[in-house]
Every structure is written in structure tokens, then in C-alpha cells.
Amino acid sequence: MLRGKIVNLRIIEQDDFDIYTEWINSIEIMGKYLFGTQRSLQETMEQYGTRSREFGTFVIEKKDGTRIGILHFFDSKFGGYAKSKEVGFFLIPEERGNGFCTEAVGLVLDYLFLIHPLERIQAVCATTNIASRRVLEKSGFRQEGTLRRLAFFSGKHMDISIFSIIREEWSGPNLLGFDHKR
Ligand SMILES: CC(C)(COP(=O)(O)OP(=O)(O)OC[C@H]1O[C@@H](n2cnc3c(N)ncnc32)[C@H](O)[C@@H]1OP(=O)(O)O)[C@@H](O)C(=O)NCCC(=O)NCCS
């Protein structure tokens, strides 16, 4: 469990797959930038069974244990000269706008920079996805450029912004329970 001040990140467990499947099948929750293939519970679980250790999924929980979203990390799709990780996330609509996602991204940066000798962590979002862009900017990511018409979301091709944070820009670790003096 990665503990922050307002959210915790807990690695996904068997019992979470029903709510996870419900969320990824919901157009209201995924929104126009993540709306994707409808999947059965069994398909979701099978897909997870084939994923490597390079792919991780955290359930974002409020401090009272309420499940409010998902944060993935995985080997990045772009680059390849040095190893880098990529992060992606969503929250259920009624919990947005409270800073939960920004803290969750900060916690996963701590985790990835502490356990991997990474120089770079990246993220992508549609150029028009303001909420996602703000989360990344508030977490210390910088925009590097635009990948034109890279994505097909909700019936149209969209430009994608690519963001990164490099180790020296990382403000952490801020994890609760981490011994900062050692
Ligand atoms: C992206 C997402 C996870 C952000 O969650 P969140 O809880 O709102 O995130 P935070 O509260 O930490 O920060 C959101 C920031 O975006 C801003 N924001 C959100 N919508 C906005 C809009 N339409 N215009 C301007 N700013 C907006 C908020 O004001 C806040 O910034 P601030 O703190 O400077 O005011 C959430 O919107 C979501 O799940 N979206 C659907 C899925 C998705 O698009 N995921 C990302 C795919 S790349």
C-alpha cells in the first residue's frame, strides 16, 4: 500500500475486478478520451493474467477505503533507447476535482523512481483533455510536444500531447511511512 495524505494506492486484487470491469465499460466514467472496447469480467481477468510484471495497476482509494479510480503504469510505448515508464489514470466522475488524482500520480512517481533506476517517466493525453493535462503539470511533468492525430477516440482522430518528468525534477519522495532520513 502506498499511503498519501488524501489517497492510498493499493495494488489491484481479485475482488476489485468486478468494479474495474464495470468502470471500464461505462461511457460516463471513461469519457470521450478513454471510451474503449466493452469487456466481460472474464476477459478483463484473462487479460490481466497475461500481463507481465512491467505492467502494474493500482486502485486509487480514499483514506476510508472507498475505491475511486485506477492508475496504471507500464513500459512506455515511445522511445526505447533507455527504459522509461508511462502512467495513465481515471477517476469516477463524482470524485473529480478534489486533487485525488494529482496526489495519486505523485505517489506512483515516488514508487517508480524509488524502485527502478529510471531517468524518465512519461504520460500522454489528448491535447484537449484539460483535466489530465492539469494533473500532469501539477505533478511536475512538462509537455515535450504534440503527436499529430496519433489517437482515435470517440469517433475522431485526435492530437496527443506527450509529457515527461525526469529524475532531477522529481520533488519526492513524499510517501507517508517512508523513512526520509536514511
Ligand atoms: C483526468 C482525471 C483523472 C483528473 O481527475 P481530478 O480528480 O479532476 O484531478 P485533480 O483534482 O487532481 O486535478 C484536476 C485539475 O484539472 C482542472 N480541470 C478539470 N477540468 C477542467 C476544465 N474543463 N477546464 C479547466 N480546468 C479543468 C481542475 O481545476 C484541476 O486543476 P486545479 O487544481 O489547478 O484547479 C479525471 O478528469 C478523469 O478521470 N477523466 C476521465 C478519464 C481521463 O481522461 N483520463 C486521462 C486519460 S489521459
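Some points to look at:
- Exceeding the 27 Å Cα-Cα cut-off - candidates K5/K77; K32/K62; K5/K156; K85/K138; K77/K156: K5/K77; K5/K156
- By average C-beta atoms within 10 angstrom, highest first, the peptides 151-157, 49-55, 32-38: 32-38, 151-157, 49-55
- Whole-Å distance, taken between Cα centres, linking segment 125-148 and segment 3-23: 24
- Bridge orientation summary for the chain: considering DSSP beta bridges with both residues in this region, about 95 percent are antiparallel.
- Rounded, prolate or oblate (a/c below 1.5 giving rounded, otherwise prolate when a/b exceeds b/c) for segment 2-169 by Cα gyration tensor: rounded
- Rounded to whole Hz, the Karplus (6.51, -1.76, 1.60) HN-Hα couplings of segment 133-142, x for glycine and proline: 4, 5, 4, 5, 4, 5, 8, x, 6, 10
- Between E169, E61, E86, the Gaussian network model of the chain with springs among Cα atoms under 10 angstrom shows the greatest mean-square fluctuation at E169.
Values in this text are rule-based calculations from the coordinates and carry no lab data. All values reported here derive from a predicted model rather than from experimental measurement. A quick note on method: Cβ atoms are made from the backbone with ideal geometry, for glycine too, and the neighbour counts reach across all protein chains shown.
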